[in-house]
1. Against the definition (at pLDDT 90 or above and surrounded by 10 or more Cβ atoms within 10 Å (Cβ to Cβ)), how does A92 come out, yes or no?
2. What are the residues in region 39-93 that are among the β-branched types (V, I, T) and within 17 Å of I12 (Cα to Cα), if any?
3. So for region 33-45 (the condition being surrounded by 12 or more Cβ atoms within 10 Å (Cβ to Cβ), in contact with a helix residue (DSSP H, G or I) (Cβ under 8 Å, 6 or more places away or on another chain), of a type in the set (D, E, K, R) and closer than 20 Å to L97 by Cβ), does at least one residue qualify?
4. Any idea which of V60, V7, V13 is under 11 Å from the mean Cα position of the chain (by Cα) and surrounded by 11 or more Cβ atoms within 10 Å (Cβ to Cβ)?
5. Take the residues in region 14-44 that are in contact (Cβ under 8 Å) with a residue 12 or more places away in the chain and among the β-branched types (V, I, T), then tell me which one is farthest from C72 (Cα to Cα).
6. With respect to F30, determine if the residue is exposed (fewer than 13 other Cβ atoms within 10 Å of the Cβ) and farther than 16 Å from L90 by Cα.
Amino acid sequence: MDFYMLVKTLHIVSGTIVFGTGIGIANFMFFGHRSGWMQERAFAARMTVTADFLFTLPSVIIQPVSGAWLVCHGGFLWGDYWLVLTYGLLSAGRSLLGAGGHNPDADESNAGGSAARRGIQRGNL
């Protein structure tokens, strides 16, 4: 296998990891936060952050680096239609999901949740 095929395989595997762990982690977090028990919510949040850090973050870093390398070494033009469409989809996804995240402590309507989070931070489960 030549180096181009190795990078291409890495690119495909990292994309699969981003998609699969994204769905799995979102599902885990969603159902964890439906629980009425703060311990279960805290566990779901803790495991979500850990899984994102261990699996999603490396893949999110590998994905654009390997993609750029493949474009440069594969004979593609940065302005090819399918690449421009990919850039647009990535930008739309980033806009929809929010790049900076959401700060629930900034919501005045979530005062009870903030108090619960402060209890978790102090270890009062």
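The values are calculated or read from the model by the stated rules, or taken from the named source; none is laboratory data. Owing to the predicted nature of the structure, the values given are computational and were not obtained by experimental measurement. Note that each Cβ is placed from the backbone with ideal geometry, even for glycine, and that neighbours are counted across all protein chains shown.
1. no
2. Answer for region 39-93, where residues must be among the β-branched types (V, I, T) and within 17 Å of I12 (Cα to Cα): T56, V60, I61, I62, V65, V71, T86.
3. Looking through region 33-45, none of the residues is surrounded by 12 or more Cβ atoms within 10 Å (Cβ to Cβ), in contact with a helix residue (DSSP H, G or I) (Cβ under 8 Å, 6 or more places away or on another chain), of a type in the set (D, E, K, R) and closer than 20 Å to L97 by Cβ.
4. Values: V7 fails: under 11 Å from the mean Cα position of the chain (by Cα); V13 fails: under 11 Å from the mean Cα position of the chain (by Cα).
So the residue among V60, V7, V13 that is under 11 Å from the mean Cα position of the chain (by Cα) and surrounded by 11 or more Cβ atoms within 10 Å (Cβ to Cβ) is V60.
5. So, considering only residues that are in contact (Cβ under 8 Å) with a residue 12 or more places away in the chain and among the β-branched types (V, I, T), the one farthest from C72 (Cα to Cα) is I25.
6. In short, yes.
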